[in-house]
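The values are calculated or read from the model by the stated rules, or taken from the named source; none is laboratory data. Please read all numbers here as calculations on a predicted model, not as lab measurements. Cβ atoms come from the backbone with ideal geometry, glycine included; neighbour counts cover every protein chain shown. Please note that ligands, DNA and RNA were not included when accessible areas were found on the heavy atoms of the full protein model with its side chains. Shrake-Rupley method; radii C 1.70, N 1.55, O 1.52, S 1.80 Å.
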Amino acid sequence: LQAIELAQVPFQVRRVFLVAGPPDGAWRGDHLVPCHEWLVLLRGTVDVHLTDVSDGTSTEHFLSQPGDSLELPQGIFVRYHLADEHSQIIVFADAPYDGAGCS
């Protein structure tokens, strides 16, 4: 059981999506974050790489415990690796999906 209280989310939630890894793992993201997002590890592990496009600085975050989370500001470049089929994240966003990301 992984409980997530919406009061924990640092903004009003407009959209939620789940990302699960395939058996051999996979890289996901590879895009600018189109709105404010909050990523929460449900199970497994995820290695998150963030790049601030304004100055080129990069940071890496390894989420390994269920409930580990990371706030993603709009406009940052994100790329993350889900280790295997046991890796799942849930992402909360402050804007609805508009076909090209968030509105």
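Pairs under 7 Å by beta carbon, first residue within 24 Å of Ser54 (Cβ to Cβ) in the stretch 76-94, partner part of a loop (DSSP other than H, G, I, E, B) and among the basic types (Lys, Arg), six or more apart or different chains?
That search, which allows pairs on different chains as well, returns Ala93/Arg14; Asp94/Arg14.
Consider Cys102 against the criteria (1) modelled with pLDDT of 95 or more; (2) surrounded by 15 or more Cβ atoms within 10 Å (Cβ to Cβ): it satisfies all of them except one. Which criterion is unmet?
(1)
With Val53, Val19, Val13 as the choices, which residue is on the phi < 0 side of the Ramachandran plot and in a strand (DSSP E or B)? Steps first, please.
Numbers: Val53 fails: in a strand (DSSP E or B); Val13 fails: in a strand (DSSP E or B).
Sole residue among the options that is on the phi < 0 side of the Ramachandran plot and in a strand (DSSP E or B): Val19.
Can you tell which of Glu60, Glu71 is within 11 Å of the chain's Cα centre (by Cα), among the acidic types (Asp, Glu) and either surrounded by fewer than 16 Cβ atoms within 10 Å (Cβ to Cβ) or in a loop (DSSP other than H, G, I, E, B) (or both)? Please lay out each step first, then the result.
Working: Glu60 fails: within 11 Å of the chain's Cα centre (by Cα).
Within the list Glu60, Glu71, the selection yields Glu71.
Within the group Leu82, Leu50, Leu39, which residue is closer than 19 Å to Glu5 by Cα and modelled with pLDDT of 95 or more? Quick ask: steps written out before the conclusion?
Numbers: Leu82 fails: closer than 19 Å to Glu5 by Cα; Leu50 fails: closer than 19 Å to Glu5 by Cα.
Result: Leu39 is the single residue among Leu82, Leu50, Leu39 that is closer than 19 Å to Glu5 by Cα and modelled with pLDDT of 95 or more.
Going residue by residue through the stretch 12-31, is there one that turns out to be loosely packed, with under 12 Cβ neighbours inside 10 Å and free of Cβ contacts under 8 Å to residues at least 60 places away in the same chain?
Scanning the stretch 12-31 turns up at least one residue that is loosely packed, with under 12 Cβ neighbours inside 10 Å and free of Cβ contacts under 8 Å to residues at least 60 places away in the same chain.
Go through the stretch 32-47 and give me each residue that's open to solvent by 20 Å² or more (accessible area, probe 1.4 Å), farther than 11 Å from Val78 by Cα and in a strand (DSSP E or B). Steps first, answer last, please.
Going through the stretch 32-47, the residues open to solvent by 20 Å² or more (accessible area, probe 1.4 Å) turn out to be 32, 34, 36, 38, 42-45, 47.
Next, only the ones that are farther than 11 Å from Val78 by Cα stay: 36, 38, 42-45.
Hits for the stretch 32-47 are Trp38, Leu42, Arg43.
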